[in-house]
Amino acid sequence: MKLSFVYMLPIKTEFKYAIKDELHEALKLAAEFGFKGIEYNIPNPFEVDFKRLLKLTEDYGLRISAISTGSAYLEYGLTITHPNSSIREKALKFMRKYIEHASAHNSGVVVGLIRGRRDNRAVEEIAESLISSIRTLEDHCSSYDVFLLIEPLNRYETDYINSVEEALQIVEQTGDYVKLLLDTFHMNIEERNMCDAILRAGRSIGHVHIAENNRLPPGLGSICWKNVVQHFYRVGFNGYLSLEALPRPSFKEALKQTAETLNPIVRGFQAEYDNQS
Ligand SMILES: [Mn+2]
């Protein structure tokens with residue numbers, strides 16, 4: 001597994017759980033601390049200078065671990081299950097562009113807040129809308145070799161898909177280009193046991209967000225990272241652990257803390273994993 005961190009491009013609305021400081025500085029520090037990836041949260045995939053982002057990322061020896069899309073929901077209210085078909089179509093148009101960007105490093109596109117809220121709809125109704133929207137994107141995913149990442153979010157942040165089990169039901173009803181994004185902060189709230197949830201998700205895991213139980217960087221809370229990392233390896237996951245936490249006490253400290261907590265653990269299990277596979 002490799003370390004990554006979420007970087008939020010400028011938006012007007014508030015999002016507290018990502019690094020937003022100067023990009024050069026963030027990339028430089030992350031590279032020094034042994035991070036291999038950066039996950040860009042891009043509010044508008046048509047307005048971003050993606051070539052510049054890609055070049056900058058590669059200049060620092062990093063890769064794009066995933067593209068996250070929550071800021072398109074926060075900024076424009078776009079969702080792929082929106083009852084208004086023109087908003088839904090616009091969200092799908094954004095998703096296709098995100099997929100094209102993600103193809104640069106064969107990473108995934110996150111389906112978090114952009115999947116929409118249930119509000120007063122029946123769960124079957126929104127599920128049908130989500131599955132239908134995902135199916136319309138699958139050809140694009142296949143052409144660009146990019147997967148979609150469904151992320152369960154805790155009950156205080158959304159009213160649709162809070163648990164790993166609920167997300168797995170969507171994965172089972174869609175094609176090969178849909179995987180799970182497990183976030184340790186959300187799992188800590190919703191799952192009876194985080195490690196059991198990792199085992200249940202198994203080979204469907206495509207990407208991971210890491211933060212403590214209090215949403216601080218790893219090492220500043222009570223999650224047992226050794227146990228969690230071991231379980232990700234146990235199911236054969238060898239992708240990115242992407243920091244999505246409150247950048248406190250500072251973004252530099254957050255990166256440092258994450259690296260110091262996880263690098264030794266990952267190094268230990270990685271050797272074992274490489275020997276077995
Ligand atoms: Mn997350």
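Here, each number is a calculation from the coordinates, and none is a lab measurement. Keep in mind that this is a model prediction, so the values were computed, not measured. Here the Cβ positions follow ideal geometry from the backbone for every residue, glycine too, while neighbour counts run over all protein chains shown.
So what's the back-of-envelope 222 nm ellipticity for the chain, counting only DSSP H runs of four-plus at -39500 (n - 2.57) apiece and dividing by all residues, rounded to 500?
Numbers: 10 runs with 127 residues, N = 277.
Rounded to the nearest 500, it is -14500 deg cm²/dmol.
Convex hull volume of the Cα atoms of the chain, normalised per residue: 121 Å³.
For GLY221, the amide hydrogen comes within under 5 Å of no other amide hydrogen, counting only partners 5 or more places away or on other chains and with H modelled in the peptide plane.
Mind sorting PHE46, PHE94, PHE33, PHE5 by how few other Cβ atoms lie within 10 Å of their own Cβ, fewest first?
Numbers: PHE46 9, PHE94 23, PHE33 17, PHE5 31.
Starting with the residue having the fewest Cβ neighbours, the order is PHE46, PHE33, PHE94, PHE5.
For ILE205, the residues whose modelled amide H falls within less than 5 Å of its own, excluding neighbours fewer than 5 places apart on the same chain, are LEU180. When the chain is described by a simple charge dipole with +1 on each Lys and Arg Cβ and -1 on each Asp and Glu Cβ, the residue from TYR98, LEU199, PRO83 located farthest towards its positive end is TYR98.
Could you tell me how far the Cα centroid of the stretch 49-73 sits from the Cα centroid of the stretch 178-230, in Å? With the stretch 178-230 and the stretch 49-73 each reduced to a Cα centre, they are spaced 24 Å. Amide H contacts for ILE64 (H built 1.01 Å from N in the peptide plane; partners 5 or more residues away or on another chain; cut-off under 5 Å): ILE38. The ranking of ARG121, ARG234, ARG203, ARG115 by Cβ neighbour count inside 10 Å, starting from the fewest, reads ARG203, ARG234, ARG121, ARG115.
Ordering PHE269, PHE251 from the fewest to the most neighbouring beta carbons within 10 Å gives PHE269, PHE251. Among the listed pairs LYS93/LYS226; LYS12/LYS226; LYS51/LYS226; LYS16/LYS179, those whose Cα-Cα separation exceeds 29 Å are LYS93/LYS226; LYS12/LYS226; LYS51/LYS226.
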